[in-house]
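What follows is a single structure, written as C-alpha cells, with notes after it.
We did not get these values from a lab; they are worked out from the coordinates using the rules stated. Remember, it's a predicted structure, so these values are computed and weren't measured experimentally. Every residue, glycine as well, gets a Cβ built from its backbone with ideal geometry; the counts of neighbours run over all protein chains shown.
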C-alpha cells in the first residue's frame, strides 16, 4: 500500500490524486470484504468535473476501527474529525457509517491506475443536495442540483431519481429544477 501511495506524489491533478489515494485505501479495505463509498462535497466535485471545490473526501464506511487502522498504516494522522496525509495533502472524513439500501445499489466504480474507488450514484447525490435545498433552506444547493442535473443529464436514471424524490418529499422542487435545466439546455 505504501508503495502505491508513493505514486500519488507524482499526480499533479488534485481530483485525480485524491481518487487514486481512495482507490489504494479501497484496495486495502476490500481485503476485508468491504468498500468505502465517497459521498458529500467530493462527490459533487467529481460529478461537476471540478466545478465544485472541496478540500476533503467524505466517506461512508461501516467499520470505523478498520478504517482507522488502514489510514494510520497509510501514513495519515487524526486531527479533529479529519484524517490527514500531510505529504500528499489529502484529507479524509468519515461522517457516516452506511448508505441506505437504495443508495447502495446505485454506486459507481471508478477505475484509476488499475485500482477501483466507489462513489455514490449521481441520483442519490442529487437527492442529498435537493434535501438540503428543500428541507434545510440551503439556497446554494439549488445551483448544485441544477449543475448536477445539467452535466449528468444523459446518464441519470430518471425513474429512480423521481422515485427517490417522491420518497424524500422533494418532488415539486425537483420538477421545477428539471424545467430550469431543460430551458438552459435549449438555449445552448
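Between the beta carbons of residue 9 and residue 112, assuming R0 = 22 Å, the FRET efficiency works out to 0.90 to the nearest 0.05.
How long is the gain from residue 137 to residue 186 if the chain were fully straight, where each residue apart is worth 0.36 nm and the alpha carbon distance is subtracted?
14.8 nm
Assign one of three labels to the range 7-111, namely rounded, prolate or oblate, based on the Cα gyration tensor with a ≥ b ≥ c the square roots of its eigenvalues; rounded applies when a/c is under 1.5, prolate when it is not and a/b is larger than b/c, and oblate otherwise. Rounded is the answer for the range 7-111, as its axis ratio a/c remains below 1.5.
Compared with the dominant Cα axis of the chain, that is its longest principal axis, helix 171-187 is turned about 90°. Working from label points 7 Å from Cα in the Cα-to-Cβ sense, the residue 175 to residue 49 distance is 3.1 nm. Specify the angular offset, from 0 to 90 degrees and rounded to the nearest 10, of the alpha carbon long axis of helix 122-135 from the longest principal axis of the alpha carbons in the chain. Computed tilt is about 60 degrees.
Stokes-Einstein diffusion for the chain at 20 °C, viscosity 1.002 mPa s, with a Kirkwood radius from C-alpha pairs, works out to 124 µm²/s.
The range 134-184 and the range 5-70 have Cα centres separated by 25 Å. Taking the longest Cα principal axis of the chain as reference, the axis of helix 14-30 is set at about 70 degrees.
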